Amino acid sequence: MAGKGKGKSPSENLGELLKEFGDAVSKIFDDPELKKKAKDFGDSAVKSAKLFGKRFKDEEVKSKFKDVGKAAQDFGNSVSDYFKEGNEAGTEEPDSKKKDDWEKKLDQKVDQFSRKAEEAGEKFGRKAEEAGKEFGKKMEKMGERVDHHFKGTRGGRITGYAFSIFWSSLILVLFNFYSHYIAIYDHEMIDGVRHWTSYPFLTSDFGQWLPIVTVALIAAIIGNIILVIYDSYFFRQVIHISIDLFSLAATISLLVIFPFDFSVMPGNDLTNLLNPIITVVLVLVSVGMGIGIIVRFVKLMVAIVKRP
């Protein structure tokens, strides 16, 4: 079969191959009619292949294929020129489009960041609120523990008595020996040196109030010393009521005597401001102390009644 194919064109070889294929098929089925049909099909295939090969040699067919190739080449060149012209003459439009696309993407990123930041802020706010509530609860519990320590335990109460003795003694010494230092201080620079000026606002009427406050402070010191030694509930309430009565008397007398003169200080506006403020504070302190005395007294009476 290889010898038969020598010197023949590819189309003739294709026809012979199809003819041999038809012969093989007809032999397989061993059908004379099928063999005839296969032989006819092979012969027609050979003729068709020869005719197809000859058509490729015709100048008309060659020119048609050349025209198709040229048309494809022209189409490719026109597409290339179109994009070149668009890049050269219409540069502004693609750039503006890119800019618009970039701005849209940037807006999307900003929106995403804003949403995430808002969500993070809400989560942080909730966490901070929860932490604040938790901190408040802990501080409240701590305050209750401290209050219980100073009021509910013997050691805590002794600590409170010691603080009261210390501060009462300090104020007693200050009022009786260093009252002239009770003033408002101001400074000014003279030749690069700072000079301090004091404005004592206590008047001579302070001497009238000093004995009253001294008695109240001594009563507080003595009462707390007694409580350090012995602080049963009933005795403790009686001592506190006595100390509070002396303190209330000193506060009311200070309000009545009012040994203050703020006019010595520079700026009369300060005088008009401090006088009513101190008056209001003294009134509120007096009212608070009076309410405290009443509450202690009522508790003491109730405890005495309930006591078997």
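The values are calculated or read from the model by the stated rules, or taken from the named source; none is laboratory data. Predicted model, so just to flag it, every value in this text is computed and none were measured. As a convention, Cβ positions derive from the backbone with ideal geometry for all residues, glycine included, and neighbour counts pool all protein chains shown.
The sole residue among Thr197, Thr203 that is of a type in the set (S, T, N, Q) and surrounded by 13 or more Cβ atoms within 10 Å (Cβ to Cβ) is Thr203. Among the residues of this structure, Leu282 does not count as one that is modelled with pLDDT under 95, under 28 Å from Phe206 (Cα atoms) and within 47 Å of the chain's Cα centre (by Cα).
Looking only at residues in the range 285-308 that are exposed (fewer than 10 other Cβ atoms within 10 Å of the Cβ) and part of a helix (DSSP H, G or I), which one is modelled with the highest pLDDT? Per the stated criteria, the residue is Val305. Hey, can you tell me all the residues within the range 239-279 that are touching a strand residue (DSSP E or B) at 6+ places or on another chain (Cβ under 6 Å) and modelled with pLDDT of 90 or more? Within the range 239-279, Pro259 is the sole residue that qualifies.
Of the residues Ala183, Ala219, only one is on the phi < 0 side of the Ramachandran plot, in contact with a helix residue (DSSP H, G or I) (Cβ under 6 Å, 6 or more places away or on another chain) and surrounded by 13 or more Cβ atoms within 10 Å (Cβ to Cβ); which? Of the residues listed, the single one that is on the phi < 0 side of the Ramachandran plot, in contact with a helix residue (DSSP H, G or I) (Cβ under 6 Å, 6 or more places away or on another chain) and surrounded by 13 or more Cβ atoms within 10 Å (Cβ to Cβ) is Ala219.
Of the numbered criteria (1) modelled with pLDDT of 90 or more; (2) closer than 26 Å to Gly207 by Cα, the one Ile226 fails is (2). Restricting the first member to the range 188-208 and to residues that are in contact (Cβ under 8 Å) with a residue 40 or more places away in the chain, and the second to residues that are of a type in the set (S, T, N, Q), the beta-carbon pairs closer than 7 Å and six or more apart or on different chains are Leu202/Ser179; Phe206/Ser179.
Lys151 meets all of the listed conditions (1) at pLDDT 65 or above; (2) basic (Lys, Arg); (3) surrounded by 11 or more Cβ atoms within 10 Å (Cβ to Cβ) but one, namely (1).
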